[in-house]
Structures are given as structure tokens and as C-alpha cells.
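What follows is a short report on a single structure.
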Amino acid sequence: MGSKTSLHLQEDEIQRIHEETGFSHNQIIRLFSRFTCLDKEQNGFLTRDDFLRIPELAINPLAERIVDSFFKNGHEHVNFRTFMNTLAHFRPCNSKTPDDAPNSVSNKIKFIFSIYDYDRDNTILKDELLQVLELLVGANISKEQLSHIAERTLLECDTNNDRQITFEEFKNEMIKSEIDSKMSVRFLD
Amino acid sequence: MEDLAVTFEILCKATFIFSFLLLLLVVGPACLGIEIGIRKGYIRLLMRLFQWGTRRLQKEGEMLTSEDIIEKENSINRLGSLSDCVNEPHKKFKLPDVSYLVKSGIEAVIDDEVTKRFRAEELPSWNLLTRTDFHYRFIRKPTCLPTKSADICVRLSILWLVGVLLRYCILFPLRLVITVFALSWILCTMLPLAALSDSSFKRRMGYYVNVVGFRIICRALSAVVTYHDRENMPQPGGICVANHTTTLDAAVLMQDRPYAVLGQIHGGFLGGIMRIMSRATKHVWFERSEVRDRQFVSKRIMEHVSDLNNFPVLLFPEGTCINNTSVMMFKKGSFEMPTTIYPVAIKYNPWFGDAFWNSSKHSMLQYLLVVMTSWAIVADVWYLPAMKREPEETAVQFAERVKAVIARKGGLVDCVWDGQLKRMRVKESYLREKQKELGELYGECDELGQDHQCVKRVRFNLSTTEEIEIEQTELSSDSQSSDEGDAETQDGQISLDDKVEEVLGQSEETEGLRLRHNGEIPA
């Protein structure tokens with residue numbers, strides 16, 4: 001109330017985001033409104049704190065990793081365009097969705113892969129699995145048992161026995177479980 | 001010299017006429033408790049204007065179609081359970097499992113229950129105030145609209161300009177004068193009252209002086225309040241609890257009947273008024289250091305309530321202002337005492353101006369400035385039937401029950417989150433809770449095998465009967481139970497405990513095998 005948002009969305013910016021992400025005009029305007037709502041200091045970008053201030057996200061065991069996925073290449077700020085590019089992975093897809101679109105099955109899988117692949121070297125090691133498991137369950141499962149679970153998960157997916165999960169192996173594992181619907185958010189028009 | 005005298009005379013006459021009108025149109029009706037209908041007429045006119053604007057915007061296709069951005073599917077609430085995170089009956093952690101939490105996190109980023117509660121409510125159309133969201137673009141950037149909309153842009157811009165002149169040049173000074181008058185009126189009427197010793201006359205006068213004072217304040221803010229179900233109005237000896245949007249809530253309620261206010265002693269502008277008020281009528285006020293001491297607070301409230309000569313206590317158990325779209329967690333403190341609770345629901349009409357006081361953004365005076373330059377304050381107040389804590393009910397459960405009643409009546413969203421999240425981060429323990437749930441799920445699954453996991457999940461879902469039914473069918477198929485078992489499931493009469501025992505018993509035989517199987521995996 002009182003002070004109006006200092007930032008306004010330019011029409012060409014909307015157009016560009018529409019082409020990049022496939023979001024409709026109305027969706028982009030609504031998400032921009034959400035973006036400015038999260039941007040508490042009104043400086044035109046979001047910081048990690050802005051994200052973690054959302055209670056429903058903060059109680060998510062994977063919150064840190066989910067927030068990481070918005071901050072690519074070590075940037076400390078997320079502008080609206082990057083914000084939208086990350087969200088675009090969660091648009092529903094169908095058989096006609098081109099493979100290079102952000103919401104293609106392959107890119108959705110890549111998104112989850114990056115949740116595991118902490119050092120971004122395109123392979124998941126047992127240590128990385130273990131880290132995610134620790135985030136999930138905290139101190140509620142003993143280290144030995146977690147290690148056991150990580151070991152078993154690794155062996156299940158590691159088809160060429162090199163003790164690491166490559167993206168191809170990961171993809172084969174994911175495709176079995178209807179990942180496209182699990183990674184699609186129901187956006188309204 | 002003569003000029004000066006003439007000017008002085010005119011000024012005197014103007015002041016006289018103004019005072020006369022003030023007395024006739026504001027103070028007189030306020031004392032007698034009648035309404036002339038100026039505010040109501042003004043509100044009706046505005047309503048028609050907004051309707052016209054909305055219709056025109058609809059025609060141009062410039063309306064927002066839906067309120068929500070997304071439809072949430074994986075919401076994890078701190079009271080919910082994560083057990084359906086692994087919704088297929090598989091027994092171990094699998095790589096795709098994280099997708100549930102990832103999607104849930106993304107959904108929270110796009111839309112969540114808490115963040116939007118501390119921001120001005122969004123309207124589906126424009127109410128000709130620049131401060132409300134992006135509908136303002138009709139004036140700012142007419143070029144962004146298709147040419148056919150140019151006409152409506154011009155019309156809306158003119159209307160907006162007329163509105164600005166009216167609100168800032170006529171209404172605002174008028175309101176300011178009446179407010180100053182109202183405050184001095186309260187001061188003048190309460191000071192002699194404060195000198196009187198306690199008697200039934202003082203109490204009767206106290207009632208009258210309070211109500212009239214707040215009626216004038218409400219007139220100053222063009223507050224039009226409709227009171228529903230006045231037969232349930234709070235009575236002495238009880239606590240009135242209401243949802244909280246702004247400090248003006250108190251004024252809105254107090255023009256109908258006086259209350260004793262419970263609160264912290266403020267400093268500055270507000271503090272001064274509070275001190276004068278407390279001399280005339282009994283209020284329950286605390287120093288900042290005393291507020292932390294919950295027992296002391298309850299003791300003081302009980303003392304106050306037990307004297308039927310005192311006004312009922314007015315409490316806002318949310319503890320902070322919410323933007324009038326939802327009711328957030330009620331602090332249990334006020335529900336621990338064995339007194340009658342009078343719930344009251346207040347709903348402001350967002351069309352005429354946003355009543356929400358965002359205290360982290362505006363000071364009290366800034367907020368009043370915004371309110372006084374808005375169209376008006378239009379509110380509905382519902383008095384709800386008195387409630388008492390059931391013998392077996394805890395304070396938290398009772399608070400939940402009262403909150404649900406208020407939310408339903410006021411058409412507000414019943415939200416489980418704590419309003420203090422406006423300023424604070426969520427407690428880490430809630431995250432730990434989630435981890436514990438997941439830990440129990442995965443830990444047990446990987447150790448003991450599938451049957452045991454299902455038992456676990458039945459315990460998880462005990463709160464919802466629907467899910468139990470589903471789980472029961474799963475149980476019977478998982479354990480490949482005998483014909484007898486299937487019959488029992490279909491019957492639906494069998495108690496859950498029996499079923500769980502049955503599965504546990506059967507799984508004991510297979511458990512050993514499973515463990516050995518797990519052991520075979522090379523390390």
C-alpha cells in the first residue's frame with residue numbers, strides 16, 4: 001500500500017519471456033506480481049533469503065537444493081527472467097513438446113539430476129547420494145544405514161559398474177516412473 | 001486595515017458555519033446514534049462507479065481471469081504428513097522420490113499460504129486508486145493496451161483524476177479536521193470522567209462517552225460498518241476475540257459497544273491517547289517487560305473479567321495484522337482461561353481502500369494518512385454465539401475451533417500458520433519434523449521390508465478415514481491374505497488394530513527372508 005512497485009514489466013520483456021518459456025501473457029504478469037511480492041526489498045532481484053522466507057519452502061527438507069536450482073553459475077541474484085526460466089521446467093508437457101523446450105521430459109529429468117549432482121560434473125557419486133539422503137532424513141537414520149541405502153540405490157542404477165550414475169543411467173531410471181507428471185505444476189491460464 | 005478586518009470577519013463566519021455543520025451532521029447524529037445517510041449514499045455511488053468500470057474492462061478483455069496462479073498438488077503443510085510422498089507401494093528409497101519434494105518446493109515458490117497474507121489484497125478489477133497493483137497501468141501506460149481500449153483508458157484516467165482531487169483536496173482535510181476534533185472531544189469528555197470516583201453513574205457515562213467518541217472517529221474515516229446478529233453482542237464477564245487487520249478494528253468494534261482493551265503500552269502518539277482512555281474506563285495494559293510473563297497476564301485478565309461492572313475484554317489472538325483474506329493461528333494464551341469467549345468476525349470491503357496495516361512498512365501516522373486518502377472504510381461485523389471450552393478440550397483445540405467459526409462467518413481462509421512469520425523465519429523444528437517423518441518411512445522400509453512399511457503407513461494416516469480404507473485394501477493385497485481376510489476388509493467392520501496385527505503376524509515369516517536378501521547385496 002502507498003508506495004507502488006517501482007518496477008514495471010515492459011511489453012518486449014514479456015514477449016521475450018513468452019518465447020523462451022512458453023508461459024502465456026497473463027501467466028507472466030501474474031508470476032511477475034508474485035516475483036515482486038517475494039522481492040521484499042524491492043530491488044528487482046531475489047536473494048537466497050527471499051526464497052527461504054517462504055515458510056512452506058523453508059520446511060521442505062530439500063529447500064536448499066531447490067533454491068540452488070534458481071541460482072545458476074554462482075550468481076547471487078535471480079532476476080525475473082532467470083526466475084521464469086527455472087519455473088518453465090515445470091510447465092506440463094505432451095508428446096508434441098520439442099526436446100529442447102525447458103519443459104521437455106529430458107529437461108525435467110535434468111532438473112532432478114542437478115538436485116543430486118551437487119558439484120555439477122554430470123555424474124552422481126555415492127557421496128552425493130548420501131548428502132541428499134541426509135538432507136531428507138536428518139539424523140533420524142544412522143549413518144551406516146544411510147550408507148547402505150545409498151549403496152543399494154547406486155548399484156540399482158549403475159548399469160556399467162563404474163560406481164557412479166551418469167545422466168543416461170539416471171534418465172533410464174527416471175523414465176520408468178512417469179516423471180513428466182510428477183514434475184509438472186498445474187498452471188492456470 | 002479595513003481589508004484585514006473584512007477577511008477576519010469572513011474567516012470567523014466560515015468557521016462558525018463549519019462548526020455548525022460539524023455539530024449538525026457529525027456530533028449530533030453521533031451522540032444520538034442515528035445516521036443521516038451521507039456515507040451510505042457516497043458508498044452506493046462509488047459501488048456503481050466500480051461496477052461500471054468493471055463491466056467496461058470486462059468488455060475490453062482486460063480483466064484477470066483467475067485469482068490463483070497454480071493449482072497446488074503437492075503441498076506440504078507443517079500439520080500434514082509426508083507419507084504420501086512415496087505413494088506407490090515400493091519399499092525402498094528410489095531416485096525419483098525427490099520429485100515430490102522438488103515439485104512441492106516449486107509450488108511454494110509460485111504460491112504459498114503465508115507470504116501473500118501480508119500484502120495488500122488483489123482485486124479482480126481496478127478501484128481507481130493508484131496504490132492498488134498493476135491496474136494502475138491503465139493510466140501509466142495507455143500504449144500497452146490495444147487501440148480499441150484507448151477510449152476506456154481516457155475515461156478511467158479522467159475518473160481517476162477527479163477521484164484524486166476529491167480524496168486529497170476535499171475529503172482528506174475534512175477528515176483530518178474531524179479526527180482532530182474527535183480526539184479532542186474524547187480528551188474533553190474523558191478528563192472529567194477520570195476525576196470521578198467509581199459509581200454506577202461513572203460507568204454509565206463511561207459507556208456513553210466511549211461509544212460517542214468512537215462514532216465520531218469512525219465518521220471521520222468515513223467508516224460504514226454493518227453489524228450482524230447483534231443479539232450475540234459480547235457481555236461483561238467474557239472475552240471478545242476477533243480477527244485482526246488493523247488498529248482501527250478496535251474503533252470499528254467500540255463504536256457499537258465499549259470494550260476493555262488489553263495491550264502493550266505504546267509510546268508516542270498512540271500512547272498518549274491510551275493513557276487518557278485508561279483513566280476514564282478500566283483497561284488492562286501492560287509494560288513490555290510484563291507481557292512475557294504469561295501467568296501474570298492471565299491473572300490480570302481474570303481479575304478484570306470477574307468484575308461484571310467492567311467492560312468485556314477485547315483481544316486479537318492472531319497477535320499481528322493480517323491482510324483480511326485469512327485468519328491465521330490463534331495464540332492459545334487467551335483460550336486457557338475458564339471464561340466465556342465471544343467470537344467476532346470482521347471483514348473489510350477491499351474495494352474502498354485497503355484496511356490492512358502493514359506495520360513493517362508504515363508507521364501508525366503514515367497508515368492513517370493512507371486510510372484518510374482512500375475512498376472509505378466499509379466493513380461487516382458478525383457477532384457470533386458465545387463459546388466455552390469443553391472439559392476435555394485443550395486450549396489449542398479450543399483456539400482452533402473458535403478460529404474456524406470466525407473464518408467461516410467472515411468468508412476468510414482458515415490458515416494454520418503463525419502470523420508471526422511476517423517478521424520471523426519458520427522454526428527449524430518444523431523442518432526436523434518433516435525429516436523425522438521421512439526417516440521413519442525410509443528407515444523402516446529398508447530394514448524390515450514392505451509389509452512393515454504398510455503398517456507404518458496406516459499409523460501415519462489415522463487422521464483421515466478415506467486413506468485408511470485405501471491402505472486397508474493395499475494391506476490385504478500386499479500380504480496375500482486368506483479368503484477370510486478379504487471378506488473382513490470388504491465388510492469394513494473390522495478394527496484397524498486387528499488388521500495391523502494380522503499383517504505383522506504374517507510378515508514375521510517373510511521378514512527373515514527379506515533381511516537375508518538385503519544382506520546379499522555386495523558391499
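The values are calculated or read from the model by the stated rules, or taken from the named source; none is laboratory data. Since the model is a prediction, treat every value here as computed from it, not as a measurement. Here Cβ is always computed from backbone atoms with ideal geometry, including for glycine, and neighbour counts include all displayed protein chains. Quick note on the areas: whole protein, heavy atoms, side chains included, nothing else; ligands and nucleic acids left out. Shrake-Rupley method; radii C 1.70, N 1.55, O 1.52, S 1.80 Å.
A compact table of results
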read-out: Cross-chain or 6+ apart pairs with Cβ under 7 Å, the range B:379-404 first and over 30 Å from B:Val224 (Cα atoms) and assigned to a helix (DSSP H, G or I), then at pLDDT below 95 and acidic (Asp, Glu); value: B:Ala395/B:Glu336
read-out: Checking A:Ile141 against (1) in a loop (DSSP other than H, G, I, E, B); (2) more than 10 Å from chain B (Cβ to nearest Cβ), the condition it does not meet; value: (2)
read-out: Given (1) open to solvent by 20 Å² or more (accessible area, probe 1.4 Å); (2) in a helix (DSSP H, G or I); (3) modelled with pLDDT of 90 or more, index of the condition B:Tyr367 fails; value: (1)
read-out: Exclusive hit being within 11 Å of chain B (Cβ to nearest Cβ), surrounded by fewer than 17 Cβ atoms within 10 Å (Cβ to Cβ) and in a helix (DSSP H, G or I), set A:Glu173, A:Glu156; value: A:Glu156
read-out: Residues of the range B:337-367 that turn out to be without any contact (Cβ under 8 Å) to a residue 60 or more places away in the chain and either within 12 Å of chain A (Cβ to nearest Cβ) or under 21 Å from the mean Cα position of the chain (by Cα) (or both), as a count; value: 6
read-out: Residue, nearest to the other protein chains (Cβ to nearest Cβ), within the range B:382-440, restricted to residues that are aromatic (Phe, Trp, Tyr) and open to solvent by less than 10 Å² (accessible area, probe 1.4 Å); value: B:Trp417
read-out: Any hit, the range A:113-120, residues being within 12 Å of chain B (Cβ to nearest Cβ), open to solvent by 30 Å² or more (accessible area, probe 1.4 Å) and either assigned to a helix (DSSP H, G or I) or in contact (Cβ under 8 Å) with a residue 60 or more places away in the chain (or both); value: yes
read-out: Candidates A:Asp119, A:Asp49, A:Asp68, filtered to the one that is within 30 Å of B:Glu437 (Cβ to Cβ) and under 13 Å from the mean Cα position of the chain (by Cα); value: A:Asp68
read-out: Tally, over the range B:346-361, of residues that are among the hydrophobic types (A, V, I, L, M, F, W, C) and either part of a loop (DSSP other than H, G, I, E, B) or open to solvent by 10 Å² or more (accessible area, probe 1.4 Å) (or both); value: 4
read-out: Among residues of the range A:59-96, those that are of a type outside the set (D, E, K, R) and touching an Asp or Glu at 6+ places or on another chain (Cβ under 9 Å), counted; value: 10
read-out: Residues located in the range B:111-122, provided they are surrounded by 20 or more Cβ atoms within 10 Å (Cβ to Cβ) and not in a loop (DSSP other than H, G, I, E, B); value: B:Thr115, B:Arg117, B:Phe118
read-out: Residues of the range B:176-198 that turn out to be surrounded by 14 or more Cβ atoms within 10 Å (Cβ to Cβ) and not aliphatic (A, V, I, L, M), as a count; value: 4
read-out: Tally, over the range A:15-26, of residues that are modelled with pLDDT under 90 and either within 8 Å of chain B (Cβ to nearest Cβ) or within 14 Å of A:Phe83 (Cα to Cα) (or both); value: 1
read-out: A:Arg30, sole failed condition from (1) within 16 Å of A:Val185 (Cβ to Cβ); (2) part of a helix (DSSP H, G or I); (3) touching a residue at least 60 places away in the same chain (Cβ under 8 Å); value: (3)
read-out: Unmet criterion (only one of (1) open to solvent by less than 20 Å² (accessible area, probe 1.4 Å); (2) without any contact (Cβ under 8 Å) to a residue 60 or more places away in the chain; (3) over 17 Å from B:Leu368 (Cα atoms); (4) not β-branched (Val, Ile, Thr)) for B:Gly206; value: (2)
read-out: Tally, over the range A:35-66, of residues that are in a helix (DSSP H, G or I) and under 12 Å from B:Leu101 (Cα atoms); value: 7
read-out: Criterion: polar (S, T, N, Q) and modelled with pLDDT of 85 or more - qualifying residue of B:Ser125, B:Ser81, B:Ser104, B:Ser75; value: B:Ser104
read-out: Check on A:Arg30, in contact with a Leu (Cβ under 9 Å, 6 or more places away or on another chain) and over 24 Å from B:Leu431 (Cα atoms); value: yes
read-out: Lone unmet requirement of (1) touching a helix residue (DSSP H, G or I) at 6+ places or on another chain (Cβ under 8 Å); (2) polar (S, T, N, Q); (3) within 30 Å of B:Arg117 (Cα to Cα) for A:Ser147; value: (3)
read-out: Number of the exception - A:Lys108 against (1) open to solvent by 10 Å² or more (accessible area, probe 1.4 Å); (2) within 11 Å of chain B (Cβ to nearest Cβ); value: (1)
read-out: Considering residues of the range B:1-60 that are in a loop (DSSP other than H, G, I, E, B) and open to solvent by less than 40 Å² (accessible area, probe 1.4 Å) only, the residue nearest to B:Ser222 (Cα to Cα); value: B:Gly37
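Residues are listed down the side, and each one gets a yes or a no for (1) within 13 Å of chain B (Cβ to nearest Cβ); (2) surrounded by fewer than 17 Cβ atoms within 10 Å (Cβ to Cβ):
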{"site": "A:Gln42", "(1), (2)": "yes, yes"}
{"site": "A:Asp50", "(1), (2)": "yes, no"}
{"site": "A:Leu62", "(1), (2)": "yes, no"}
{"site": "A:Gly74", "(1), (2)": "no, yes"}
{"site": "A:Val78", "(1), (2)": "yes, no"}
